[in-house]
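Below is one structure, written out as structure tokens; the observations come after it.
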Amino acid sequence: MPKAKIYVTFKDGVLDPQGTTVKRALDKMGYKNIEEVMIGKYIEVQIKGTDKKQIEKEIDEICDKLLANPNIEKYTFKVE
Amino acid sequence: MKFGIIVFPGSNCDRDCLWAVEEMKQKGEFVWHDSKSVANYDALILPGGFSYGDYLRSGAIARFARVMDSVKTFADKGKPVIGICNGFQILLEAGLLPGAMLTNKTLKFICKYVNLSVENNTSPFTNKCEKGQILRVPIAHKEGNYFCDDTLLETLLANKQVAFRYCDEKGKINAETNPNGAVYNIAGITNKKGNVLGLMPHPERAMKETLGSTDGKIIFESVISYLKKR
């Protein structure tokens, strides 16, 4: 069955308190090369169907309606 | 006046809201999230809690509950709707209010009394307040860091949609009096029409001296006064 691998991340300019805190911890641990840390979500969806275009359309729709909040988040996905 | 209090799986301030309504000598009823109609109420409250376990994002799943269609119709008719804490988050996710919530900048659940400055005293929820009046009301949340971009903030200000801002006991508003990192110290906003209010603080927990404050009452008094004049 096709599987969609979905990544939901914050839009540029939206504060990510978790990422900021992890970045600070890494700084304290001595990792000097870390420029930025962003924490997002990874979601897997198993979906019925054979038409890849149709599947992508449906996944895009559910990302937009539920899995991501377009006010603060963006998403990317790939169907395998 | 009859208040409908919407109950989602995971709501936990529903009983407090009913108690607050009854404390104001008004009628209140619970409305299950699966209900089809809310037409017979004068005002609606979406209470605090953790609807659907706060899964995905706070309020993200509750907005698809069946009752939300009738909540939208109710709001479109200009009737008053209050979302408190998780209720505010649900109204944002449902698009009944603009913007979104982020995790508190401290990453901690904050449960404490805060001071609020009344920014707009012409709304159905604040008409009994003086402009700049300071209300002492508790907050209890982890996702109360209100976010909007600069353009939206300008719109909110132009339309007088900012209802409450976090301040100190003297009304001073700055980064130190901002408990969660919210843009412009925003604690509560209304929609453009002014009949939908979302706020993170819990007025229903500030109704009696024994609870530490009675300042929450003025919000209920304002709604009741608004409904009587309507």
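The values are calculated or read from the model by the stated rules, or taken from the named source; none is laboratory data. Predicted, not measured: the structure shown is a model, and the values here were computed from it. Cβ placement follows ideal geometry from the backbone for every residue including glycine, while neighbour counts extend to all protein chains displayed. Only protein heavy atoms, including side chains, enter the accessible area calculation; ligands, DNA and RNA are left aside. Shrake-Rupley method; radii C 1.70, N 1.55, O 1.52, S 1.80 Å.
Looking at the stretch B:2-229 from every direction and averaging, what is the projected area of its Cα convex hull in nm²? Average projection, Cα convex hull of the stretch B:2-229: 11.0 nm².
Summarising the overall dimensions of the stretch A:34-80 from its C-alpha atoms, the Rg and Dmax are 12.9, 42 angstrom. Taking the Cα centre of chain B as reference, the dipole from Cβ charges on Lys and Arg (+1) and Asp and Glu (-1) amounts to some 460 debye. Look at the stretch B:134-147: the mean tally of other chain Cβ atoms within 10 Å of its residues' Cβ atoms is 1.
Here the label points at B:Trp32 and A:Arg24, each 7 Å from Cα along the C-beta direction, are separated by 4.6 nm in the simple model.
In this Cβ point-charge picture (+1 for Lys and Arg, -1 for Asp and Glu), the protein assembly as shown has a dipole of about 400 debye about its Cα centre. Of B:Asp16, B:Asp69, B:Asp34, the residue with the greatest mean-square motion in the GNM of chain B, using alpha carbon springs below 10 Å, is B:Asp34.
What residue among B:Pro201, B:Pro47, B:Pro179 has the largest mean-square fluctuation in a Gaussian network model of chain B, using Cα springs under 10 Å? Per the Cα network of chain B with a 10 Å cutoff, B:Pro179 tops the list. Checking the cross-link pairs A:Lys11/A:Lys65; A:Lys65/B:Lys79; A:Lys5/A:Lys48 against a 21 Å limit on the alpha carbon distance flags A:Lys65/B:Lys79 as lying beyond it.
Grouping the Cα pair distances of the stretch B:69-195 into 10 Å bins from zero gives a pair-distance distribution of 13, 45, 36, 6, 0 percent in increasing distance order. What is the stretch B:108-150 by shape, rounded, prolate or oblate, if you read a ≥ b ≥ c off the alpha carbon gyration tensor as root eigenvalues and call it rounded for a/c under 1.5, prolate for a/b larger than b/c, and oblate otherwise? The shape class here is oblate.
Using alpha carbons only, how many degrees (0 to 90, rounded to 10) separate the axis of helix A:52-62 from the longest principal axis of chain A? It works out to around 60 degrees.
Ranked from largest to smallest solvent-accessible area, with a 1.4 Å probe on the protein heavy atoms, B:Tyr55, A:Tyr42 come out as B:Tyr55, A:Tyr42. With N counted as the residues of the stretch A:3-79, its alpha-carbon radius of gyration over 2.2 N^0.38 Å works out to 1.38. Put a plus charge on the Cβ of each Lys and Arg, a minus charge on the Cβ of each Asp and Glu, and nothing anywhere else: the dipole of the stretch B:158-230 about its Cα centre is then about 520 debye. Taking chain B as a Gaussian network, Cα atoms linked when under 10 Å apart, which of B:Thr126, B:Thr151, B:Thr214 shows the biggest mean-square fluctuation? Highest fluctuation among the options: B:Thr151. Pairs B:Lys170/B:Lys192; B:Lys128/B:Lys217; B:Lys36/B:Lys77; B:Lys112/B:Lys142; B:Lys25/B:Lys217; A:Lys3/A:Lys57: which exceed 20 Å Cα-Cα? Over 20 Å Cα-Cα: B:Lys170/B:Lys192. Look at where the Cα atoms of the stretch B:170-230 and of the stretch B:35-58 average out, and the two centres are 18 Å apart. Considering helices alone, the calculated mean residue ellipticity of chain B at 222 nm is -6500 deg cm²/dmol, with DSSP H runs of length four and up weighted by -39500 (n - 2.57) and normalised per residue. Relative to the longest principal axis of the Cα atoms of chain A, the long axis of helix A:17-28 makes an angle of roughly 40 degrees. When nucleic acids and ligands are ignored and a 1.4 Å probe is applied, A:Glu58 ends up with an accessible area of around 90 Å². Note on the protein assembly as shown: Cα-only Rg and Dmax are 20.4, 64 Å.
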